[in-house]
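Data first, discussion second: the structure below is written as structure tokens.
Every read-out reported here was derived from the displayed coordinates using simple, explicitly stated rules and does not represent laboratory data. All values derive from a computational prediction rather than experimental measurement. Don't worry about glycine lacking a Cβ; one is built from the backbone with ideal geometry, like all the others, and counts go over all protein chains shown.
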Amino acid sequence: MAESAARLSHGWQPDRIQEEAHRRDRWAAGRFGLSLILALAWVVFSIWLSLPWLSDLGGLTHPLAALFVLAFVAYVPGFMNAFLMASLVLRPDALRRTPEQWPALSILIAAYNEEALIGETLRSIAALDYPGALQIMVLDDGSTDGTAAAVRDAEALFAGSSGRDLLLVSEKQNRGKARVLNDGLALAAHDLVVTIDADTLLEKGCLVALVEHLHASSPETAAIAGAVLVGNQNDSWITRAQQWDYFHGIAAVKRMQGMYNGTLVAQGAFSIYRKAALVEAGGWPDTVGEDIVLTWSLLRMGYKTGHAEDAVAWTHAPDTLRGLSNQRKRWARGMIEALAIHKSLLVAPRLRTMFIWWNLLFVSIDLTFTFAFIPGLILAFLGIFWLAGPITLLVLPLAALWNVVIYRIQTRMLKRNNIDMEKSLRGFLLYALIYPLLMQPVSVWGYLAELTGGRKQWN
């Protein structure tokens with residue numbers, strides 16, 4: 001591991017910065033311990049309060065069934081909310097360091113039938129203020145529309161720019177996202193690789209932020225996930241709800257995981273990687289969740305992964321329920337793939353091991369909510385509080401609190417970076433009240449699709 005870290009650093013981090021990064025990592029262990037104690041205390045309190053309900057429900061069903069239901073609709077979600085809340089409150093200020101010399105970057109953009117959006121994506125790259133050189137590769141995976149023509153039309157954006165090289169790599173037929181990304185990795189000329197989706201728009205200073213976060217991290221850090229927000233929130237009620245999912249839920253979890261050097265997904269939509277680590281991991285695996293499985297490969301190899309909360313990019317979110325369902329089904333399948341391939345992470349002696357178990361527990365949570373809690377809500381409206389009772393309301397204050405905290409954190413981040421984001425109150429109400437009831441059954445669908453060997457596709 002030491003040799004890998006030395007190879008990744010490439011001498012671009014002075015010793016004092018590496019020492020400071022390691023010192024901050026040691027402090028993270030203290031914050032983790034305190035957050036864990038507070039979360040466990042909340043669970044003990046919840047169990048004590050729920051004993052009468054647990055007894056009644058056990059009498060109606062079976063004691064083990066009652067314990068399972070309460071564990072995954074109240075105790076485990078309560079622990080997660082409490083740990084997340086404590087971590088956000090105890091979070092340190094984000095650390096960025098400006099390198100003495102800005103490294104060159106290779107940007108990989110996998111594209112399949114992206115004629116409508118690839119031009120805007122390339123225009124956002126052309127407008128970046130990154131001081132170093134950029135090698136931009138559009139990896140056209142056998143598109144049947146005008147994706148290649150749109151890329152050629154955008155060549156003029158980079159023609160007069162020094163250190164900005166645009167390359168179109170076209171496949172004759174569709175081969176899959178992982179394969180074209182690995183082709184791009186083989187062609188990458190630089191030690192740092194950035195991936196973005198073909199429908200992602202980059203904020204002007206986002207690459208500077210990514211590199212500065214990486215430069216401030218310990219040399220064992222192999223990847224940094226950027227902050228992805230929804231750019232088409234006004235397209236439908238589905239995108240309005242997703243705006244808050246990205247702005248609150250996903251952002252909060254990534255901030256928390258990044259505090260402990262264990263961001264579980266360096267998402268393909270916008271992340272930076274050290275090329276040496278990618279090569280050592282064998283590149284992107286040919287799976288549904290190639291970015292999830294790759295990130296877990298890096299973690300299993302002993303590397304660290306972080307999060308740059310102020311490196312902002314805007315994604316084009318699905319604007320229909322069917323499109324969103326297909327996306328979240330892929331995410332759920334990707335998590336099952338990662339768990340199946342990287343079982344050893346469940347026993348790794350590291351802080352981030354808890355987050356692997358956290359993801360594993362989500363399978364039971366989603367199953368319980370789908371087949372017990374949602375039917376329990378229907379019964380509760382009829383006056384029958386067997387499954388959805390007062391103890392489940394204990395989860396709500398914690399959920400409300402961490403949402404308030406992450407809203408303040410995210411709003412301040414946008415203000416510091418002079419980023420405007422129109423916020424939809426109607427979208428927030430959908431996100432808070434309806435969205436989880438839709439997404440948990442969809443996740444169960446994804447788990448079942450992976451376990452039964454359903455068809456895999458990335459587009």
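Exposure proxy ranking for His190, His62, based on other Cβ atoms within 10 angstrom of each Cβ and starting from the fewest, stands as His62, His190. The value given for the stretch 257-343 is a Kirkwood hydrodynamic radius of 13.9 Å, derived from the mean inverse Cα-Cα separation. Put +1 on the Cβ of every Lys and Arg and -1 on every Asp and Glu Cβ in the chain; which of Ala241, Phe32, Thr295 then has its Cα farthest towards the positive end of the dipole? With unit charges placed on the Cβ atoms, the residue in question is Phe32.
Taking a threshold of 23 Å on the Cα-Cα distance, which of the pairs Lys275/Lys304; Lys329/Lys423; Lys254/Lys423; Lys172/Lys275; Lys254/Lys304 fall above it? Violating the 23 Å limit, Cα to Cα: Lys329/Lys423; Lys172/Lys275. Under the criterion of Cα pairs below 8 Å and six or more residues apart, the relative contact order for the chain equals 19 percent.
Remark: Ser162, Ser50, Ser344, Ser297 ranked as Ser162, Ser344, Ser50, Ser297, counting other beta-carbon atoms within 10 Å and listing the fewest first. Converting the Cα gyration tensor eigenvalues of the stretch 188-240 into ellipsoid dimensions via √(5λ) gives semi-axes, longest first, of 28, 13, 10 Å.
Debye calculation, C-alpha points only, no solvent: report log10 I(q)/I(0) for the stretch 37-79 at q = 0.14, 0.27, 0.30 Å⁻¹, in the same order as the q values. The Debye formula, applied to the Cα set alone, gives -0.29, -0.89, -1.00.
Each 20 Å bin from 0 upward holds the following percent of the Cα-Cα pairs of the chain: 24, 58, 17, 1. Projected area of the stretch 155-195, taken from the Cα convex hull and averaged over every viewing direction, in nm²? Computed as one quarter of the Cα hull surface, the answer is 3.8 nm². For His307, the residues whose modelled amide H falls within less than 5 Å of its own, excluding neighbours fewer than 5 places apart on the same chain, are Ala225. Considering the stretch 105-210, its Cα convex hull presents a mean projected area of 6.0 nm².
If you take all other residues with their beta carbon under 9 Å from the beta carbon of Ala133, and give Lys and Arg +1 and Asp and Glu -1, the sum is 0.
Going from the residue with the fewest nearby Cβ atoms within 10 Å to the one with the most, Asp286, Asp129 rank Asp129, Asp286.
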